[in-house]
Amino acid sequence: MSQQGSMPGFSVISGAQVDEVLRGQEKRVIDLVRQAYRAHGEGATTNPASYFLTFPDRPRARIIALPASIGGENEDARVDGLKWISSFPANIDSGLPRASGVLILNDPGTGYPYACLETSIISACRTAASAALAAGLLSQGRPALADRSAARIGFVGTGLIARHIAGHLAATGWSFARTGVYDLDRSYAERFAAGLDGDVTVHDSAEELIRSSDLIVFATVAAAPHITDPAWFAHHPLVLHISLRDLAPEVVLASANVVDDVDHCLRAGTSLHLTEQRTGDRAFVDGTLYDVMAGRLRPSAGRTLVFSPFGLGILDLAVGKHVHDEVRRAGALAVVDGFFHELDRHRRPA
């Protein structure tokens, strides 16, 4: 949407509106994520490094800025913007969600920001969509996952992201013969398990869950690797390493590794970054999810396969723009009148 030559408008889109647009639209969100990955792989995006605001007195907390731009020939998909999202794990103890944030959309013609969206739901949905897309692409040729109703899944970490991933997997045809759940806080695991269908087991250890799962989802708030033994993965599962810092370099080096973006994933103390620091190179990274989409990479079924997505800002932009456009089509945009006040560059002061 270019506002060039006209009065810029600015809208605020609430979490309730975001939820109304995205609820039950898992397949649409997965398609948006697929398109964003394709645009990124074809060089039609700009996605600089994320910026981390950390606090010496609150070492577990951080606020992250993710600037990004989606270009290309499709004018309707073009958008610039910034995701500004905080992660304060201590919030959970007081009953608040860990993550909160906003997404700013900028007009690519004028640079003016035209919308501010509540983004915790967008962030969770695009993360889950990325995981579901990867599960579908990377399960091909893996016998244990050939029948989506016979496979065994395990969740390490049982928060909002895990819930959304479960929903997006179900929407794409996964049903699972057995589901395993593990969390450091067993009460969280039990509440998560109560919302799942089928044969569900709450495990007493991560090892027990990993050894009994064909598809494993890591969705924790771990700041450093805590899974260190490659022997736990001797059955060669598919691992969706969503939280990025769970696996020790020993596990990474014993696996085939697919990422969403190599430069982004090998920074900020991720498991892959630590592995690069140990080995001095990036040879352990087999390629990107776009490489798989384009048919350039087909990982062997005879090794553990780990997908580590850093979570690119372009995914938030793609989903956020879709939300904005749907709210606009419904005539429900809450426009802030006069948000941009000083529009005459030559006006003399009174």
How many residues does segment 181-198 hold that are more than 16 Å from Ile216 (Cβ to Cβ) and in contact with a Lys or Arg (Cβ under 9 Å, 6 or more places away or on another chain)? 2
Per the filter on segment 92-137, residues out of contact with any strand residue (DSSP E or B) (no Cβ under 8 Å at 6 or more places or on another chain) and farther than 30 Å from Ala151 by Cα are Ile92, Asp93, Ser94, Gly95, Leu96, Pro97, Gly109, Thr110
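What do you reckon, is Ser175 outside any helix (DSSP H, G or I) and touching a His at 6+ places or on another chain (Cβ under 9 Å)?
Details: outside any helix (DSSP H, G or I): yes; touching a His at 6+ places or on another chain (Cβ under 9 Å): no.
So Ser175 fails the test.
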For segment 77-93, which residues satisfy the criterion of being free of Cβ contacts under 8 Å to residues at least 40 places away in the same chain, among the small types (Gly, Ala, Ser) and in a strand (DSSP E or B)? Ser86
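Of Asp291, Asp281, Asp263, which residue is assigned to a helix (DSSP H, G or I) and out of contact with any strand residue (DSSP E or B) (no Cβ under 9 Å at 6 or more places or on another chain)? Let's see the steps before the verdict.
Numbers: Asp291 fails: out of contact with any strand residue (DSSP E or B) (no Cβ under 9 Å at 6 or more places or on another chain); Asp281 fails: assigned to a helix (DSSP H, G or I).
After ruling out the rest, the residue left standing is Asp263.
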Which of the residues spanning segment 187-204 are out of contact with any Phe, Trp or Tyr (no Cβ under 7 Å at 6 or more places or on another chain), within 30 Å of Gly141 (Cβ to Cβ) and in a loop (DSSP other than H, G, I, E, B)? Leu196, Asp197
Take the residues of segment 239-277 that are of a type in the set (Gly, Ala, Ser) and touching a residue at least 60 places away in the same chain (Cβ under 8 Å): which is most open to solvent (accessible area, probe 1.4 Å)? Ala268
Could you grab me the full set of residues in segment 1-33 that are open to solvent by less than 50 Å² (accessible area, probe 1.4 Å) and either more than 24 Å from Leu160 (Cα to Cα) or at pLDDT below 95 (or both)? Gln3, Pro8, Gly9, Phe10, Ser11
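Yes or no, residue by residue, for (1) farther than 30 Å from His235 by Cβ; (2) open to solvent by 40 Å² or more (accessible area, probe 1.4 Å); (3) without any contact (Cβ under 8 Å) to a residue 60 or more places away in the chain:
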residue: Ala39; (1), (2), (3): yes, no, no
residue: Ala61; (1), (2), (3): yes, no, yes
residue: Gly95; (1), (2), (3): yes, yes, yes
residue: Gly109; (1), (2), (3): yes, no, no
residue: Pro113; (1), (2), (3): yes, no, no
residue: Thr119; (1), (2), (3): yes, no, no
residue: Ala128; (1), (2), (3): no, no, no
residue: Gly136; (1), (2), (3): no, no, yes
Return the pair list, or none, for Cβ contacts closer than 7 Å from residues in segment 140-153 that are under 16 Å from Leu196 (Cα atoms) to residues that are among the basic types (Lys, Arg) and part of a strand (DSSP E or B), at least 6 apart or on different chains. Arg152/Arg178
For Ser213: the one exception among (1) open to solvent by 60 Å² or more (accessible area, probe 1.4 Å); (2) part of a loop (DSSP other than H, G, I, E, B); (3) closer than 16 Å to Arg152 by Cα; (4) at pLDDT 95 or above: (1)
Given (1) closer than 24 Å to Phe10 by Cα; (2) among the β-branched types (Val, Ile, Thr); (3) open to solvent by 70 Å² or more (accessible area, probe 1.4 Å), identify the lone condition not met by Ile85. (3)
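The values are calculated or read from the model by the stated rules, or taken from the named source; none is laboratory data. Treat the numbers as computed from the prediction; the structure is a model and nothing was measured. Don't worry about glycine lacking a Cβ; one is built from the backbone with ideal geometry, like all the others, and counts go over all protein chains shown. The accessibility values were calculated without ligands, DNA or RNA, using every heavy atom of the protein model including side chains. Shrake-Rupley method; radii C 1.70, N 1.55, O 1.52, S 1.80 Å.
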